[in-house]
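Following: one structure in structure tokens, then a few remarks.
The values are calculated or read from the model by the stated rules, or taken from the named source; none is laboratory data. Because the structure is predicted, anything quoted here is derived from the model rather than measured. So basically every Cβ, Gly included, is an ideal-geometry build from the backbone, and we count neighbours across all protein chains shown. For accessibility, only protein heavy atoms count, side chains too; no ligands or nucleic acids. Shrake-Rupley method; radii C 1.70, N 1.55, O 1.52, S 1.80 Å.
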Amino acid sequence: MNGKALVIGLVGTAAIAGAAMWYLQVYAFYNTLPDTTPLRVTTETGVQALSLSAFEGIDATSSPLRFRACATLADPGELTTALPADKPEPLTAPGWFDCFDAETIGTAIKRGEARAYLSEREIARGVDRIIAVFPDGRAYAWHQLNGTLEN
């Protein structure tokens, strides 16, 4: 009988720990950003704010890589002097943040259906903000490592 109780206790503890880790990774620490959060783009002359007609974003203080945003640009023409992003690779967002689909965005960039620009360099140490924009003005932003920490 003691062996059964021990096994049930171990399995129960493992299940609770697993559920807690899943919750902490997927839901905890994320904050919804206000719809007034600015998105910027780096141009040949500096960083400029973009005019947005819609914004939805999340971020977390636990990691600089947790930032994701979806927006609609009021004027896609603002990107004419924007600097292209170096090796853009959208990172997946939590499943509940359903406006951001990293696989679709990444495929669109590779096919030339969307263009990726450097939003802001070194938004955090070793991390750049990247923004991908579709011709219709849909824009998606994320943070990715820039390789400066590898040197």
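Nearest 10 degrees, 0 to 90: what angle lies between the long axis of helix 2-26 and the longest principal axis of the chain (Cα atoms)?
Orientation of helix 2-26: about 10 degrees from the principal axis.
Net charge within 12 Å of I131 by Cβ-Cβ distance, Lys/Arg positive one each and Asp/Glu negative one each, not counting I131 itself?
In short, +2.
With each pseudo-label sitting 7 Å past Cα toward Cβ, what's the S62-K87 distance in nm, one decimal?
2.7
Find out how many positive minus negative residues lie around S51, taking Lys and Arg as positive, Asp and Glu as negative, among other residues whose Cβ is under 9 Å from that of S51.
-2
Once log10 I(q)/I(0) by the Debye sum over Cα atoms at q = 0.09, 0.11, 0.13, 0.17 Å⁻¹ is worked out from the coordinates, which option in (i) -0.23, -0.34, -0.49, -0.89; (ii) -0.35, -0.48, -0.61, -0.95; (iii) -0.25, -0.38, -0.55, -0.97 does it equal?
(ii)
Of the heavy-atom accessible surface of the chain (probe 1.4 angstrom), what whole percent is carbon and sulfur?
56
Can you find, among Q144, L118, A74, the residue farthest towards the positive end of the dipole of the chain? Put +1 on the C-beta of Lys and Arg, -1 on that of Asp and Glu.
Q144
Rolling a 1.4 Å sphere over the protein heavy atoms, what is the accessible area per residue of the chain, to the nearest Å²?
60
Quick one: helix 102-111 against the long Cα principal axis of the chain, what's the angle to the nearest 10°, folded into 0 to 90?
40
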